[in-house]
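Report on one structure; see the data block that follows.
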Amino acid sequence: MEPFLATTFLEVVAWIVIVFFWMLAIWMFIAIFGDIFRRRDMSGFAKAGWIFLIFVVPFLGALIYIIARPPMATYEQDMEMIAQQKRAMGVTATDEIAKASELLKAGTINQAEFDAIKARALG
């Protein structure tokens, strides 16, 4: 008589792979939903359309969204988050500009890079 839960090593490996891919798919959809709701450049109807597409045809909808998403979709939000983290750490805009000024005097960066750092710091 066989034990009730007799499994082979290959079956265990297969289940591990299956669970891994399910977790990967769930994580991918959560990341895409988060990206859709975080974007400010889309209207509510556009967001609802993407969510509907991803629910109707999940993997194809996610693939289309990843391809169609502009690369700079959340750039402003990312820069805002970095600025908030710097403020929380005690780094002020004056500190950043002073460091950039030192780098400019040392010749490490050029005037255009200094201007970009100054504009980002002043925000």
Which residue, Trp27, Trp15, Trp50, tops the fluctuation ranking in a GNM of the chain built on C-alpha contacts under 10 Å? Trp15
Full extension from Val57 to Gln111: what is 0.36 nm times the residue separation minus their Cα-Cα distance, to one decimal in nm? 14.5 nm
Contour minus Cα-Cα span, Gln77 to Val13, at 0.36 nm per residue, comes to 18.9 nm
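With +1 on each Lys and Arg Cβ and -1 on each Asp and Glu Cβ, and nothing else charged, work out how big the dipole of segment 75-122 is about its Cα centre, in Debye to the nearest 20. Intermediate values should be presented prior to the final figure.
Details: 6 positive and 8 negative charges, 35 e Å.
For segment 75-122, the charge dipole is close to 160 debye.
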Using +1 on the beta carbon of Lys and Arg, -1 on that of Asp and Glu, and nothing else charged, what's the dipole of the chain about the Cα centre, debye to 20? 380 debye
Sequence neighbours fewer than 8 away in the same chain don't count; with that in mind, list the lysines whose C-alpha is under 30 Å from Lys118. Lys86, Lys99, Lys105
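With a 10 Å Cβ neighbour count serving as the proxy for reagent exposure, in which order, fewest first, do Asp41, Asp35 appear?
On the way: Asp41 11, Asp35 15.
Taking fewest neighbouring Cβ atoms as first place, the list is Asp41, Asp35.
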Which of [x] 106, 30, 26; [y] 34, 32, 24; [z] 83, 39, 25 is the computed Cα extents along the principal axes in Å for the structure on display? [z]
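Please quote Rg/Rh for segment 9-68 to two decimal places, taking the Kirkwood radius as Rh and restricting both calculations to Cα atoms. Mind showing how you got there, number by number?
Working: Rg = 14.7 Å, Rh = 12.8 Å.
Rounded to two decimals, Rg/Rh equals 1.15.
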Could you name the aspartates and glutamates in cross-link range of Lys47, using Cα to Cα under 18 Å and dropping any fewer than eight places away on the same chain? Asp35
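The numbers here are math on the coordinates, done by the rules we state, and not lab data. Just so you know, these numbers come straight off a predicted model, no measurement behind them. Methodologically, a virtual Cβ is constructed for each residue, glycine included, from the backbone with ideal geometry; neighbour enumeration extends over all protein chains shown.
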